[in-house]
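Structure record follows, encoded as structure tokens.
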Amino acid sequence: MTEAPIITVRGLRYRYPPTLPGREAEPVLRGVDLDVARGEFVALMGPTGVGKTTLCLALNGIVPQSTGGVIGGSVTVLGHDTRHTPVPQLARDVGIVYQDPESQLFSATVEAEVAFGPENLALPRAEIAERVAWALNVVGMAASRGRSPAQLSGGQKQRVAIAAALAMLPQILILDEPTAALDPLGRLEVFRVIEQLRNDQDMTIVMVSQDPEHVAIFADRLALLAEGRIVAEGPPAELFYALDQIAAVGVAAPQLAELSVALERCHGLQRRFMLLDEAEATLRTQWEPEP
Ligand SMILES: Nc1ncnc2c1ncn2[C@@H]1O[C@H](COP(=O)(O)OP(=O)(O)OP(=O)(O)O)[C@@H](O)[C@H]1O
Ligand SMILES: [Mg+2]
């Protein structure tokens, strides 16, 4: 028997409270269905304003418990209905790294920031210290533990926000565009950290990303959000080749996937690729002249 999904979203509909009195807001989510299995890494992509952040917030109960608004359908995380389970209780299992790390960092030092969550769990001091050291190590920020988060670069803040979520040892980690403020190497590092967490902790990952190249390498499944629904989902290695569908949704495919589809059309490429090593192998076998 396969294990039940760790996250189940069924027919999720949501509209924020009116911003102008007497005027109903447009629904943001209009029937989202999504299952996530334990240990899976699901990437969520979609154009700006489509509701990606809103969906993330529905997974940790902030939507609708803190935001208000009108919700329909259901979100079940580890068997808990996120509409009714108190947000602090959900936070033990569901870590979240918000899109804007500034909004998440409020402590005087990096160390205090990362210790905040475990302290709220009233854990023994030694365990808190251990978790803080581990989390800062994972994100490569151990040397900055005494600094003020306010003085860090955008990428460093992003890392501290990830460490703060990790220190709770959540079963599920939600990351809302965690690499937006990072340079290419920093981005790769974040994806490597995620990979390591999955291997070591069997952590389940839901990540909003605008980074098709890395999603193609690291994610198990890609879900496309458009018009308030998941309009397509599947392994990145399949979905990213559906270039027309991807473009229609307003999402970028990996450039190598576009190149390989073009080479297939015009030059009879025999096997598509979207990763560099696949490209190398395919091009070498198909076109390298015999010595
Ligand atoms: N607190 C709020 N109150 C009212 N409307 C909101 C609120 N937060 C977001 N919205 C609206 O809900 C819609 C979806 O916003 P959301 O932030 O979920 O989109 P997103 O896909 O994460 O966009 P982005 O890619 O820009 O981060 C937008 O139209 C936005 O204006
Ligand atoms: Mg967003």
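The values are calculated or read from the model by the stated rules, or taken from the named source; none is laboratory data. Not measured: the values here are computed from a predicted model. A quick note on method: Cβ atoms are made from the backbone with ideal geometry, for glycine too, and the neighbour counts reach across all protein chains shown. SASA here: full protein model, heavy atoms, side chains in, ligands and nucleic acids out. Shrake-Rupley method; radii C 1.70, N 1.55, O 1.52, S 1.80 Å.
A compact table of results
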{"read-out": "Spacing of the two label points (7 Å from each Cα toward its C-beta) at residue 92 and residue 192, in nm", "value": "3.5"}
{"read-out": "Over 26 Å [Cα-Cα, the range 1-128], rounded percent", "value": "31"}
{"read-out": "All-pairs alpha carbon distance profile, the chain, 5 Å steps from 0, percent", "value": "1, 5, 11, 15, 16, 15, 13, 10, 6, 4, 2, 1, 0, 0, 0, 0"}
{"read-out": "Kyte-Doolittle mean at least -0.5 and Cα axial length at least 15 Å: DSSP H helices in the chain", "value": "110-120, 125-138, 154-166, 255-267"}
{"read-out": "Cut-off under 5 Å, modelled amide H: who pairs with residue 203 long-range", "value": "198"}
{"read-out": "Solvent accessible area, Å² - residue 256, 1.4 Å probe, full protein context", "value": "40"}
{"read-out": "Loop-located GluC sites (Glu not before Pro) in the range 1-103, at most 13 other Cβ atoms within 10 Å (DSSP)", "value": "3, 24"}
{"read-out": "Environment charge of residue 113, counting only residues whose C-beta is closer than 14 Å and scoring Lys/Arg +1, Asp/Glu -1", "value": "+2"}
{"read-out": "Distance between modelled label sites at residue 126 and residue 200, nm, 7 Å Cα→Cβ extension", "value": "2.0"}
{"read-out": "Separation of alpha-carbon centers, the range 118-183 and the range 189-204, rounded to whole Å", "value": "14"}
{"read-out": "Of all accessible heavy-atom area on the chain, the percent that carbon and sulfur account for (1.4 Å)", "value": "52"}
{"read-out": "Cleavage-rule hits (trypsin sites (Lys or Arg not before Pro)) in the range 261-291: DSSP loop, at most 16 neighbouring Cβ within 10 angstrom", "value": "271"}
{"read-out": "Computed lengthening from residue 106 to residue 238, 0.36 nm per intervening residue step minus Cα-Cα distance", "value": "43.4 nm"}
{"read-out": "Neighbourhood charge, 11 Å Cβ-Cβ cut-off, centred on residue 211 and excluding it, Lys, Arg +1 and Asp, Glu -1", "value": "-1"}
{"read-out": "FRET efficiency for residue 267 and residue 35, using Cβ-Cβ distance with R0 set to 51 Å, rounded to 0.05", "value": "0.80"}
{"read-out": "Virtual spin-label span in nm between residue 4 and residue 150, 7 Å along Cα→Cβ", "value": "4.7"}
{"read-out": "GluC sites (Glu not before Pro) restricted to DSSP loop in the range 205-291 with at most 15 other C-beta within 10 Å", "value": "227"}
{"read-out": "Paramagnetic reach from residue 143 in the range 150-169 [backbone N under 18 Å; point 7 Å along Cα→Cβ]", "value": "151-160"}
{"read-out": "Length-normalised contact order for the range 167-291 - Cα pairs under 8 Å, 6+ apart - percent", "value": "17"}
